[in-house]
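The values are calculated or read from the model by the stated rules, or taken from the named source; none is laboratory data. All figures in this text were calculated on a predicted structure; none of them were measured in a lab. Cβ sites come from the backbone with ideal geometry, for glycine too, and all protein chains shown count toward neighbours.
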Amino acid sequence: MDENKVKEKISEAFFSLLMAKNRFKIYKSDSGDDGIDLRIGDLIKYTRDNHANSYIDGQHILDIQLKCTTEKQIKRLTDGNFSYQLKVKNYEDLIIKRDAGGAIKMILVLFILPDDESEWMKILDDEIRLSKHAYWFYPGPEYDLDRTARVQNKHSSTKIEFQKSNQLILDFKTLFNTFYAISNPN
């Protein structure tokens, strides 16, 4: 398996663990050309007559575009943010999905691994450690200003900026809820 495939599998595994911890349902995308790697949906908790908890599919779905890279492939900025070169096709997928105004939103999740492959994952006596960080990106209106320049060459890449504050944390529900203005989740 080549390095890019290994990174892809690590990012999928990380995101799957995060979604399991937050009790989201993961739907695999069937198509490889729509920019969607995973779809996640909320679940509604209810109590059965026998007092056992159960879950059913909720009303909200978030599309996820997953990417994985190493530290040397990002450019750290002085304010703690960083930039990443994203293929124009993937960038356009995010913008088109945002502009469609549909009920399903789409974010990019970038997992950043250490440069040294031996540091990517460690299995210790009392923990399993996956290094380094993951961040999310949703294109705001500032990305419309230079859109034409960004997409002139469909085979090139464009620079996007990730906010340090957009680091994924264990509580993914809060982020999910902001996209759908959910104030009292189950």
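Going by the conditions given, is residue 177 of a type outside the set (Asp, Glu), modelled with pLDDT of 90 or more and surrounded by 15 or more Cβ atoms within 10 Å (Cβ to Cβ)? Here the answer is no, as residue 177 does not meet what is asked.
If only residues of segment 70-110 that are among the hydroxyl-bearing types (Ser, Thr, Tyr) and closer than 15 Å to residue 143 by Cβ are counted, the one that is surrounded by the most Cβ atoms within 10 Å (Cβ to Cβ) is 91. In segment 140-153, the condition of being surrounded by 14 or more Cβ atoms within 10 Å (Cβ to Cβ), within 22 Å of the chain's Cα centre (by Cα) and modelled with pLDDT of 85 or more is met by no residue.
In segment 90-106, the residues that are of a type in the set (A, V, I, L, M, F, W, C) reach residues that are exposed (fewer than 12 other Cβ atoms within 10 Å of the Cβ) and modelled with pLDDT of 85 or more with C-beta atoms within less than 9 angstrom, at least six apart or across chains, in these pairs: 103/59.
Counting only residues that are among the acidic types (Asp, Glu) and touching a Leu at 6+ places or on another chain (Cβ under 8 Å), segment 1-44 holds 3 of them.
Only one residue in 16, 11, 31 is under 22 Å from residue 107 (Cβ atoms), among the hydroxyl-bearing types (Ser, Thr, Tyr) and at pLDDT below 90. Which one?
Details: 16 fails: at pLDDT below 90; 11 fails: at pLDDT below 90.
It is 31.
Looking only at segment 46-60, decide whether some residue is of a type in the set (D, E, K, R), buried (at least 17 other Cβ atoms within 10 Å of the Cβ) and touching a residue at least 24 places away in the same chain (Cβ under 8 Å).
At the first step, the residues of segment 46-60 found to be of a type in the set (D, E, K, R) are 48-49, 57.
Checking which are buried (at least 17 other Cβ atoms within 10 Å of the Cβ) leaves us with none.
Checking segment 46-60: not a single residue is of a type in the set (D, E, K, R), buried (at least 17 other Cβ atoms within 10 Å of the Cβ) and touching a residue at least 24 places away in the same chain (Cβ under 8 Å).
Would you tally the residues in segment 1-38 being free of Cβ contacts under 8 Å to residues at least 60 places away in the same chain and within 23 Å of residue 97 (Cα to Cα)? The total comes to 14. Summed over segment 120-139, residues that are within 19 Å of the chain's Cα centre (by Cα), among the hydrophobic types (A, V, I, L, M, F, W, C) and either crowded, with 19+ Cβ neighbours inside 10 Å or more than 21 Å from residue 175 (Cβ to Cβ) (or both) total 3.
Do we find a residue being in contact with a helix residue (DSSP H, G or I) (Cβ under 8 Å, 6 or more places away or on another chain), farther than 15 Å from residue 10 by Cα and in contact (Cβ under 8 Å) with a residue 24 or more places away in the chain anywhere in segment 113-127? No, segment 113-127 has no match at all.
Output yes when any residue across segment 159-167 is surrounded by 13 or more Cβ atoms within 10 Å (Cβ to Cβ), at pLDDT 85 or above, more than 14 Å from the chain's Cα centre (by Cα) and not hydrophobic (A, V, I, L, M, F, W, C), and no when none is. Show your work before the answer.
Start the filter on segment 159-167 by keeping residues that are surrounded by 13 or more Cβ atoms within 10 Å (Cβ to Cβ), which leaves 160-164, 166.
Next, from what is left, pick out any that are at pLDDT 85 or above: 160-164, 166.
Those left that are additionally more than 14 Å from the chain's Cα centre (by Cα): 160-161, 164.
Narrowing further to those that are not hydrophobic (A, V, I, L, M, F, W, C): 161, 164.
Yes, there is a match, as at least one residue in segment 159-167 is surrounded by 13 or more Cβ atoms within 10 Å (Cβ to Cβ), at pLDDT 85 or above, more than 14 Å from the chain's Cα centre (by Cα) and not hydrophobic (A, V, I, L, M, F, W, C).
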